[in-house]
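K.L.:
Attaching a single structure in structure tokens format; questions to follow.
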Amino acid sequence: MSLIVHLLSNSLAIYVAARLVPEITFTGDLKILLMAGVAMGLINFFAKPILKLITFPLILLSLGLFTIVINMLLLWVVDLLITELVIQGILALFLGTIIISVVNAVASLLIRPLAK
């Protein structure tokens with residue numbers, strides 16, 4: 001159940017980022033949006049822990065801010081995999097990463113009491 005909610009949260013976060021940031025465009029339908037959420041979930045599940053382990057010294061030196069760079073890199077990979085998602089520029093990538101992180105955090109806070 002938690003996995004499905006997380007993947008739906010990723011899909012919603014991508015949609016919100018595409019609506020709020022003009023340089024992020026999403027031209028697909030709901031099916032493609034769900035595929036983008038699944039792609040983001042899988043990339044975060046498999047690649048993120050490895051990247052965090054490799055870049056641990058940078059994360060430590062930056063007091064955790066380097067994780068934003070890691071999240072930007074992972075969003076960029078999703079952009080490369082899903083052709084209907086287009087992110088134009090590093091600022092759009094940064095803003096999209098921040099929006100996606102906030103939406104996922106809010107969704108997690110809202111879902112946590114329901115899961116008990």
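Coordinate-derived values only; no laboratory data. Quick caveat, the model's predicted, so the values are computed rather than measured. Quick reminder, even Gly has a Cβ in these numbers, built from the backbone with ideal geometry, and neighbours come from all protein chains shown.
K.L.:
Checking Leu75 against (1) of a type outside the set (Asp, Glu); (2) under 22 Å from Leu7 (Cα atoms); (3) without any contact (Cβ under 8 Å) to a residue 12 or more places away in the chain, which test does it fail?
P.N.:
(3)
K.L.:
Next question, about the same structure. In this structure, does Gly64 turn out to be without any contact (Cβ under 8 Å) to a residue 60 or more places away in the chain and on the phi < 0 side of the Ramachandran plot? Outline the logic, then answer.
P.N.:
On the way: without any contact (Cβ under 8 Å) to a residue 60 or more places away in the chain: yes; on the phi < 0 side of the Ramachandran plot: no.
For Gly64, the condition - without any contact (Cβ under 8 Å) to a residue 60 or more places away in the chain and on the phi < 0 side of the Ramachandran plot - is not met.
K.L.:
Please identify the pairs in which a residue from the stretch 15-36 that is in a helix (DSSP H, G or I) has its Cβ atom under 6 Å from the Cβ atom of a residue that is among the small types (Gly, Ala, Ser), counting only partners at least 6 apart or on another chain.
P.N.:
Ala17/Gly96; Leu33/Ser11; Leu34/Ser11
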